[in-house]
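Note sheet for the following structure.
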């Protein structure tokens, strides 16, 4: 198999229907001089680890670059090398700033790299309030020389609090916060430091599934509304799909695939890794209406795509959501079914049929949904047995119907409470 590759320079940094980052926010959060979202990140490093050597050579201009792979693949070590916490050899450059160049004996300490780093556990100051933790980020910006450029710390703090809904929490101590609240504060503190680059190490790994569903949209909001480029590490394909433009897959310290998430994650060589977490196709949507037992959404970034009935979620009409469609919860039909209890019957065309199992017994079928703007929605992935595919004579381009129960849909966002 030849890994799917993409020219990092050609990666689109803004998705269809996504708002253009506002200049006031990009300067107040990213700071001046960063040209956030436009700078090129170059990583060409070697780092000996216990079981293998991390050998990575990539260049990207994407708004969000994700590093995906199984546990122990070297993902966090790569991120820590970019931060400056590990003594890798080679070269790391962001824009015109060279952070590491072993040949020239250049190695900038972490505090001079202007990076906002959110580790897996958040590492908040337990003796400070939420406001105190956020102001610690602002103080770091001043020490790094960013405080005098862009908006003042108070304006930056206001922008971050509005974006992450932190204002009601400002007076609370860290020990009283839920896991989701802690993660939002850690993200806010990093943003208050006016970073040129934001690094997120497994931002949702410490949260249970209900909290992941609540916090993921906040990360998507940062991606959509702020012009701060991100380098994200995750073993969760849902997080990668929701946030990333460019995806790098690591295994045993080596890059084994590279490209757009919708292409890479459904490649038969990568899909088994994604399926370990329970693969879902993650689609942007807008809330249309809510009834006592369910809600109706319109798929697509602008909310003008196919309708889907999902579990009830509270929110205002037009509110942006993310909808997960589990690959194992879908059924395919070649004729439009009738008399079903399932509320969702979506017409589409088969995009591809690929073998997953070595014996060819399980197939991955991806379907382009009808009624969606070109490029707005990724193909919906579903798993079928080879026997079922043969009986249905599934081939690329064939019209099909994707059948999905309301309870089978996963809603990320809405206004559920955090724990």
note = Rounded to the nearest 10, the angle in degrees between the Cα long axis of helix 179-192 and the longest principal axis of the Cα atoms of the chain comes to 50
query = What is the helix-to-structure angle for 153-164, meaning the angle in degrees between its Cα long axis and the longest Cα principal axis of the chain, kept from 0 to 90 and rounded to the nearest 10?
reply = 20
inquiry  = Contact order normalised by length for the chain, with contacts defined as Cα pairs under 8 Å and 6 or more residues apart; what percent is it?
reply    = 18
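Arrange the following residues from fewest to most other Cβ atoms within 10 Å of their Cβ: 94, 125. List each step's numbers first, then the result.
Numbers: 94 21, 125 11.
Ascending number of Cβ neighbours within 10 Å: 125, 94.
Within the P(r) computed for the range 281-412, what percentage of the Cα pairs occupies the region above 27 Å? Write down the numbers at each step before the final one.
On the way: 1621 of 8646 pairs.
The answer is 19 percent, as a whole percent.
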message = To make sure I understand, if each residue's beta carbon is the centre and we count other beta carbons within 10 Å, what order do 248, 323 fall in, fewest to most?
response = 323, 248
message = One quarter of the convex hull surface, Cα atoms only: what value does that give for the chain in nm²?
response = 20.8
query = By count of other Cβ within 10 Å, fewest leading, how are 75, 405 ordered?
reply = 405, 75
task = Would you mind calculating the gained length between residue 40 and residue 112 on full extension (0.36 nm times residue separation, minus the Cα-Cα distance), in nm to one decimal?
result = 24.1 nm
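Give the calculated FRET efficiency between residue 142 and residue 167 to the nearest 0.05, with a Förster radius of 22 Å applied to their Cβ-Cβ distance.
Details: r = 22 Å, r/R0 = 1.02.
E between residue 142 and residue 167, to the nearest 0.05, is 0.45.
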key: Rounded tilt (10° steps) of 209-225 against the dominant C-alpha axis of the chain   = 70
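For the chain, what is the calculated [θ] at 222 nm in deg cm²/dmol (nearest 500), taking -39500 (n - 2.57) for each run of four or more DSSP H residues and dividing by its residue count?
For the chain, the value works out to -6000 deg cm²/dmol.
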query = Tell me, in nm to one decimal, what length is gained between residue 96 and residue 52 on full extension, where the rule is 0.36 nm per residue of separation less the Cα-Cα distance?
reply = 12.7 nm
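Read the figures in this text as sums done on the coordinates, not as results from a lab. From a predicted model like this one, the values you see are computed outputs, not experimental measurements. Don't worry about glycine lacking a Cβ; one is built from the backbone with ideal geometry, like all the others, and counts go over all protein chains shown.
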